[in-house]
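Student: Next up is a structure, given as structure tokens.
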Amino acid sequence: MDHSTNSVRPSGAPGAKLTSFASRLAMLEKAAAVLGALGFIWASGVILGGFASSLFGIRIFSRRQIIRWQHHTPWSLTGAVRRCSRAIKATARALARALAKVSRCSRGTADTAENTDERSHDEPLKRKKTTVLSLVLYCFQLASSTTCIILSSMKLIKHIFGDVGDANDRNRRLALNIFYSLALAEALLFLLENAYWEWMIMHRKLLEEVNREYELEDLGPSSIIYVRKFFDEAFSACVNGSIFYGRQKDMVSFAMDLLVSNVLEDQLHGAGILQKFAANDDFSYETLQKVGITTSVMARLVEMLNWKAVEQKEIRQSAAEILVKLAGPEHKPLQVAGIPGVMESISSLLDDSWDSGYDHRNFTILGLRILKKLCRDLGSCGKIGNTRGLLPKIIKLTSADERLLKGERTEEDQILTVKRSLQVVEMLSRTRGTTGKQLRKEISEVVHTISNIRDMLQHGEKHPRLQHLGIDILIKLAVEEDGRELVGCTGNVIKELFNIYLKQGVPAGPEGLISFAGVGLAVLTLESTSNCQRILKLKVMESL
């Protein structure tokens, strides 16, 4: 799958240094290939074809096949050696590229986590064997090119072409000089290409520089392997097509291809790379735009939210963090909300019935962050309300007991979870229109909604922001007549509001908790005889 053809590569896109290097390297490769082709045509069409009467035949079935010498003369043997060297070198190059492809695909397709684990054990051995073979072939290429330079140089300097005393001697010498010049130029270009490679990769450490620059090293030691894979793809695109094809590649498209693969390790690095670029100010917008318009990638990200195996934890977290970014208003949250099954997948992030060794708090917070951003859209709010079991899960997370609220040791993760869940409930409760009316009804009817807020008002003196959110929710619910009655009849809710409203030493400004508690009491008494009677029973009229 090639996503790069669907959009214009932005200036300074991720991986631009590697694609530029790949295109320059490919130019040298193509130039050497052109010279090699010219040399082969010259030898076959001019030398062999033009002097067939005075030369024994030399037949090459294919550049990838073994050269067969039928007869040898003093001057034709050197040409055969040269062409043999070129054929071996071409074969070595083809094998090296094939090995690179084998290395990329060596793991195959993973259907189960067990099969993935088995492949992961075999992968280091396979990679070691591939590396050794590649090194041998690379050395063989260098040796064949060096041999070619020595032989061609000797012939060009000494002009030893054997006994040729017929009338065609001058033409033959010129033809052979051209042939050896082409052979020498091709070999020199090949060595120049390899010298450039060694300088950039081994001396300049370009792959390590890119890995460090994009903070991909945080993904683990194998991240450099994927940087190399991206370079290999860009280089292959330049060599097999136009040199501009490779420049259209970028690491975002590469990571998207990894994400939708069936190999766990590829999925892990694909999600990790996308998450890094999504969090990078320089690349975030382009990355999220490209991800957001690619249906297969969006579907895979949503699917990953349901992966609960321990070995899939990092993939799941990266997918959730990407969706948090995509759910923002600047990236059309409807793209996220419109994916089939997305709300159920987000709901799975809020589950706490997982394996005891699985820390789910971070996933719960990520799920609430996604929901909070989606709540800015009316249609998304309706989908949240219609998703079976999602509202009760959110409201359950608003629970905070006295120990948590009054404890000397603050548990930041739990407090943040309560805060995020209250924010989501507050945003849902202020939804407009028929959808909002239905949501307020459903929120009020969940058993623990109002009692959880009451506990917050009673024990949350150290957390005024949580109390403020709780009161805000009560005010929104009290807009509906049934909601006012449910809030009022829940034990001690009105009493706790009065305790805050009449308390000394609490900021009383328009944004303060006292003023907000007063607003809550005013809304609860609006056209509600039963709530007025409850207030009278509290005997707070003198204080008022």
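The values are calculated or read from the model by the stated rules, or taken from the named source; none is laboratory data. Here the structure is a predicted model, which means the values were calculated and not measured. All Cβ positions, glycine included, derive from the backbone under ideal geometry; neighbour counts span all protein chains shown. The area values use the complete protein model at the heavy-atom level, side chains included, leaving out ligands, DNA and RNA. Shrake-Rupley method; radii C 1.70, N 1.55, O 1.52, S 1.80 Å.
Student: With a cut-off of at least 2 residues that are within 24 Å of LEU216 (Cβ to Cβ) and not aromatic (Phe, Trp, Tyr), name the helices (runs of 4 or more DSSP H) lying wholly within the range 257-355.
Tutor: On the way: elements: 264-278, 284-292, 295-304, 313-326, 334-337, 342-349.
Output list reads 264-278, 284-292, 295-304, 313-326.
Student: A further question follows. In the set TYR245, TYR285, which member is under 24 Å from GLY338 (Cβ atoms) and either of a type outside the set (S, T, N, Q) or touching a residue at least 40 places away in the same chain (Cβ under 8 Å) (or both)?
Tutor: TYR285
Student: Another question, then. State all residues of the range 178-201 that are closer than 14 Å to GLY36 by Cβ and among the aromatic types (Phe, Trp, Tyr); if no residue qualifies, say none.
Tutor: Answer for the range 178-201, where residues must be closer than 14 Å to GLY36 by Cβ and among the aromatic types (Phe, Trp, Tyr): PHE179, TYR180, PHE190.
Yes/no matrix, rows are residues, columns are (1) modelled with pLDDT under 90; (2) polar (S, T, N, Q); (3) farther than 20 Å from TYR214 by Cβ:
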{"position": "ASP282", "(1), (2), (3)": "yes, no, no"}
{"position": "ASN306", "(1), (2), (3)": "no, yes, yes"}
{"position": "ARG316", "(1), (2), (3)": "no, no, yes"}
{"position": "GLU321", "(1), (2), (3)": "no, no, no"}
{"position": "LEU326", "(1), (2), (3)": "no, no, no"}
{"position": "HIS331", "(1), (2), (3)": "yes, no, yes"}
{"position": "LEU334", "(1), (2), (3)": "yes, no, yes"}
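Student: Could you tell me which residue of the range 34-52 is least open to solvent (accessible area, probe 1.4 Å), considering only residues that are at pLDDT 85 or above and in contact with a Leu (Cβ under 9 Å, 6 or more places away or on another chain)?
Tutor: LEU35
Student: Which residues, counting only those in the range 469-491, are outside any helix (DSSP H, G or I) and modelled with pLDDT of 90 or more?
Tutor: ALA478, VAL479, GLU480 - these are the residues of the range 469-491 that are outside any helix (DSSP H, G or I) and modelled with pLDDT of 90 or more.
Student: So, in the range 511-544, how many residues would count as being outside any helix (DSSP H, G or I) and of a type outside the set (D, E, K, R)?
Tutor: Of the residues in that region, 8 qualify.
Student: Under 19 Å from LYS372 (Cβ atoms), open to solvent by less than 20 Å² (accessible area, probe 1.4 Å) and without any contact (Cβ under 8 Å) to a residue 60 or more places away in the chain: is that true of VAL291 in this structure?
Tutor: no
Student: In the range 301-326, which residue that is closer than 16 Å to ASP266 by Cβ and of a type outside the set (A, V, I, L, M, F, W, C) is nearest to the chain's Cα centre (by Cα)?
Tutor: SER318
Student: Another question, if that's okay. Given the condition surrounded by 15 or more Cβ atoms within 10 Å (Cβ to Cβ), out of contact with any Lys or Arg (no Cβ under 8 Å at 6 or more places or on another chain) and part of a loop (DSSP other than H, G, I, E, B), answer yes or no: does some residue in the range 236-255 qualify?
Tutor: No, there is no match, as no residue in the range 236-255 is surrounded by 15 or more Cβ atoms within 10 Å (Cβ to Cβ), out of contact with any Lys or Arg (no Cβ under 8 Å at 6 or more places or on another chain) and part of a loop (DSSP other than H, G, I, E, B).
Student: So if I check each of LEU422, LEU371, LEU366, which one is surrounded by 15 or more Cβ atoms within 10 Å (Cβ to Cβ), of a type in the set (A, V, I, L, M, F, W, C), over 29 Å from the mean Cα position of the chain (by Cα) and in a helix (DSSP H, G or I)?
Tutor: Sole residue among the options that is surrounded by 15 or more Cβ atoms within 10 Å (Cβ to Cβ), of a type in the set (A, V, I, L, M, F, W, C), over 29 Å from the mean Cα position of the chain (by Cα) and in a helix (DSSP H, G or I): LEU422.
Student: Take the conditions in contact with a Phe, Trp or Tyr (Cβ under 9 Å, 6 or more places away or on another chain) and either in a helix (DSSP H, G or I) or of a type outside the set (A, V, I, L, M, F, W, C) (or both) and apply them to ILE494. Does it pass?
Tutor: no
Student: Now for a separate question. State which residue is most open to solvent (accessible area, probe 1.4 Å) when the search covers only the range 6-27 and only residues that are at pLDDT below 90 and among the hydroxyl-bearing types (Ser, Thr, Tyr).
Tutor: Filtering first and then ranking leaves SER11.
Student: Among the residues in the range 394-411, are any over 16 Å from HIS463 (Cβ atoms), of a type in the set (Gly, Ala, Ser) and either in contact with a Ser or Thr (Cβ under 8 Å, 6 or more places away or on another chain) or assigned to a loop (DSSP other than H, G, I, E, B) (or both)?
Tutor: no
Student: Take the range 447-462 and flag every residue that is open to solvent by less than 30 Å² (accessible area, probe 1.4 Å) and outside any helix (DSSP H, G or I).
Tutor: Across the range 447-462, the qualifying residue is only GLY460.
Student: Here is a further query. What number of residues within the range 267-282 satisfy the criterion of being free of Cβ contacts under 8 Å to residues at least 12 places away in the same chain and open to solvent by less than 20 Å² (accessible area, probe 1.4 Å)? Talk me through it step by step, then tell me what you get.
Tutor: Of all residues in the range 267-282, those free of Cβ contacts under 8 Å to residues at least 12 places away in the same chain come to 281.
Now narrow it down to the ones that are open to solvent by less than 20 Å² (accessible area, probe 1.4 Å): none.
The number of residues fulfilling the criteria is 0.
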